[in-house]
Amino acid sequence: MDLAAYLGRPRPLAPAREAGAELRAQVRRLEIRARQAMESGLAGQYLSAFRGLGLEFEEVREYRAGDDMRTIDWNVTARSGFLHVKRYREERDLTVLLLVDLSASTRFGSGVMTVHDLIAEVAGLFALAAARRDRVGAILFDDGVRTVIPPRIGWSHGLRVVREVLGAEPGGRGTAIDDAVRSAGRLLHRRGVVIILTDQTGALPRREIVALGGRHEVVVVRVTDSLLEEGLDGGALPVTDAESGRRGVVRGRGRVTPQAPPLGVDLIELSTGRDYLPAVRAMLEGRERRRVR
């Protein structure tokens, strides 16, 4: 029996007051972690990996050690007798749109963290990384588009996106990534960045993603659980499919064969059993290296 087909661990229901306090604590913890990550260099990596739409001339100044020789202004250099370089300011005008999977299968978790918890935390990290310089919005989906948060700029709006994502309860009986991708294409009028966060059981709609990638930069964040990676060693596990309600027993390793994303789409693969920051940094560094070449 396929372990990947039988996912789902319902969360215990909490009184509204307790749930509200827990959500505020989650948002605060994520805000602290996001600030620490950005202070340790993540903010610069994000800005380098996702550049704006152009450059605007800022000034001409004398050459300093380390300046790019390609930026030398030879006319001013000839008149002054000293090397001068042109300086440009990046016009970002960038929109980052998060597509967040809330299907019932993301409730699965063999440890203290569910797949949804990890998806929500990584979505929150990207939201706060983008919030200071770029517009950020989100589309939350399950078996259809559930919520659309229009893109805006600012830390407070980034925190609003974090609250919406962390506070959303998975429960849809399907994974309509195709609907979410089409909605993203309609929402973005200028070139932007679309980050799709989903679990490994959902099939990627290649045609829709290729069409979206022709106009925007696309990143797929695919999340699994440590149990799905390691499987069961000689044990058996009673399970219920969170989306169909079917019951069964699984033995041995899960047979999860993730679908590769289309060419030109960046991929981050995460597991609830590992720290996600190294994988996020590796993707950003890879994008930056490709831009330098």
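Below is a table of values for the structure above.
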{"quantity": "Restricting region 57-125 to trypsin sites (Lys or Arg not before Pro) in coil, as DSSP defines it, with at most 13 other Cβ within 10 Å", "calculated": "64"}
{"quantity": "Share of Cα-Cα pairs in region 151-196 lying beyond 13 Å, as whole percent", "calculated": "69"}
{"quantity": "Mean Cβ neighbour count within 10 Å, used as a protection proxy, ranking 206-213, 115-122 highest first", "calculated": "115-122, 206-213"}
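Just so you know, all these numbers are worked out from the coordinates, no wet-lab data involved. Just so we're clear, the structure is a prediction, and the values are computed from it rather than from any experiment. Positions of Cβ are backbone-derived with ideal geometry, glycine not excepted, and every protein chain shown enters the neighbour counts.
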